[in-house]
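Scroll down for the structure; my scribbles are underneath it.
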Amino acid sequence: MCGADINSLTPEPKLEELVSQFVELCGDTTAFEEAASRQLAAGSAAAGAASFNGGELPKNEDSTGRAQSIAAKTSPADTHRSKSPSGSLHAKDEAARAEFILQCALRSMAGGNFTAAAVRFARCRERLVTLAEASGANGWSEETCCRLGDIWGSQGMCEQRLGNLVAAEECFKDSLGVLQKSPVRSSQVAHALAVSHNKLGDLHYSNSNSKQELELARSNYREALAIREHAFDAPRQGDDSSADVSAALNLVTSLLKVADIEEVLGNGQAASECLAKADDALISVSGNIVPGSAAEAKYRGLQDFRMKLAATMDAKLHDCTLALMYASWFGFPLFFRYGLAAVVH
């Protein structure tokens with residue numbers, strides 16, 4: 001399902017159709033029953049059962065639980081009620097189907113099959129959006145908005161890897177849009193918003209063929225920074241040092257992104273200010289980092305990026321200083337023609 005076993009890029013329409021049918025049927029009680037009925041009518045019920053449960057999913061706890069859940073939904077006692085579009089069981093079936101397709105998308109993404117992952121993320125969110133809209137105002141809960149925001153963002157990352165930059169931008173913007181529908185601005189929603197802004201900023205930055213693209217990247221990085229500064233300053237309940245460390249490291253991430261883009265745009269003062277704030281935040285959490293934890297890995301990665309960024313800024317400052325020295329020695333006209341051009345470019 002994830003595509004990790006693909007050995008050729010030659011299109012195989014029959015295999016693609018079979019995989020798509022498998023994904024569509026699994027988690028869809030009504031379609032599953034109809035397919036099983038057709039197999040029974042043809043006298044091949046055993047073959048039909050094997051086709052649906054042929055061990056395609058990895059043998060882990062999640063897939064086993066999901067298989068049991070799908071099997072339970074197809075029991076005769078629930079058959080009539082699950083076919084009612086307005087019934088709660090129908091909604092549960094649709095949610096289970098969306099969950100299954102989401103797991104397929106995640107496995108495709110992990111296996112490097114970004115084309116399949118993008119399609120499956122789209123199918124999953126379409127079903128979740130339909131369920132949310134059918135539930136009215138109550139359908140757009142904080143959990144639903146965060147889930148859809150993550151799915152849209154993941155689809156955007158797949159589209160970006162495939163080179164579909166317009167589609168990727170639309171996905172990141174849709175992620176922001178659905179997150180803003182959340183009835184509450186919790187720390188979870190705030191974090192998801194910041195991540196989506198940073199992903200959109202990264203998209204503009206990595207494809208910056210104009211100053212306008214760089215300014216769009218800066219705008220999104222600044223939005224993410226503002227969200228994380230507010231989250232960092234907000235009072236937190238209890239004495240959870242891990243939450244403090246996570247908030248601080250997220251803040252440092254945004255500060256370094258802003259410092260980087262400001263430096264690229266030639267705003268050295270703004271870049272230096274962000275770099276100094278990042279240093280302060282890194283120092284403030286250094287004593288709370290647990291050795292061997294994911295937080296430590298992120299902390300080290302941020303330190304490395306900070307050192308590289310600082311080295312780049314120092315090198316440009318050194319070049320500028322040399323250019324000014326040459327200007328004082330050889331005269332400003334010569335510097336204006338050669339030295340300033342070298343500094344700018």
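How many of the residues making up region 219-245 are farther than 21 Å from Leu302 by Cβ and not in a loop (DSSP other than H, G, I, E, B)? The number of residues fulfilling the criteria is 1.
Tally up the residues in region 275-295 that are buried (at least 16 other Cβ atoms within 10 Å of the Cβ) and either touching a residue at least 40 places away in the same chain (Cβ under 8 Å) or among the small types (Gly, Ala, Ser) (or both), please.
We begin by selecting, within region 275-295, every residue buried (at least 16 other Cβ atoms within 10 Å of the Cβ); these are 275, 277-278, 281-282, 285, 289, 295.
Next, only the ones that are either touching a residue at least 40 places away in the same chain (Cβ under 8 Å) or among the small types (Gly, Ala, Ser) (or both) stay: 278, 281, 285, 289, 295.
Residues that pass the stated criteria total 5.
Yes or no, residue by residue, for (1) assigned to a helix (DSSP H, G or I); (2) assigned by TED's automatic domain parsing to the domain that holds Gly149; (3) in contact with a Ser or Thr (Cβ under 8 Å, 6 or more places away or on another chain); (4) on the phi > 0 side of the Ramachandran plot:
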{"site": "Ser208", "(1), (2), (3), (4)": "no, yes, no, no"}
{"site": "Ala217", "(1), (2), (3), (4)": "yes, yes, yes, no"}
{"site": "Leu251", "(1), (2), (3), (4)": "yes, no, no, no"}
{"site": "Thr312", "(1), (2), (3), (4)": "yes, no, no, no"}
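On inspection, Ile151 passes the criterion of being under 24 Å from Ser108 (Cβ atoms) and among the hydrophobic types (A, V, I, L, M, F, W, C).
Being surrounded by fewer than 19 Cβ atoms within 10 Å (Cβ to Cβ), assigned to a helix (DSSP H, G or I) and over 14 Å from the mean Cα position of the chain (by Cα), is that true of even one residue in region 146-161? Looking through region 146-161, none of the residues is surrounded by fewer than 19 Cβ atoms within 10 Å (Cβ to Cβ), assigned to a helix (DSSP H, G or I) and over 14 Å from the mean Cα position of the chain (by Cα).
The combined condition, being surrounded by fewer than 20 Cβ atoms within 10 Å (Cβ to Cβ), among the aliphatic types (A, V, I, L, M) and part of a helix (DSSP H, G or I), is not fulfilled by Leu203.
Regarding region 245-261, can at least one residue be identified that is surrounded by fewer than 16 Cβ atoms within 10 Å (Cβ to Cβ) and either among the polar types (S, T, N, Q) or within 26 Å of the chain's Cα centre (by Cα) (or both)? Let's see the steps before the verdict.
Of all residues in region 245-261, those surrounded by fewer than 16 Cβ atoms within 10 Å (Cβ to Cβ) come to none.
There is no residue in region 245-261 that is surrounded by fewer than 16 Cβ atoms within 10 Å (Cβ to Cβ) and either among the polar types (S, T, N, Q) or within 26 Å of the chain's Cα centre (by Cα) (or both).
The residues in region 263-274 that are crowded, with 16+ Cβ neighbours inside 10 Å and among the acidic types (Asp, Glu) can be counted, and the count is 1. Taken as a whole, region 132-153 holds no residue that is in contact with a Cys (Cβ under 8 Å, 6 or more places away or on another chain), over 15 Å from Ser175 (Cβ atoms) and of a type in the set (D, E, K, R).
The values are calculated or read from the model by the stated rules, or taken from the named source; none is laboratory data. None of the values given here were measured: they were computed from a predicted structure. Glycine gets a Cβ as well: all are built from the backbone with ideal geometry, and neighbour counts include every protein chain shown.
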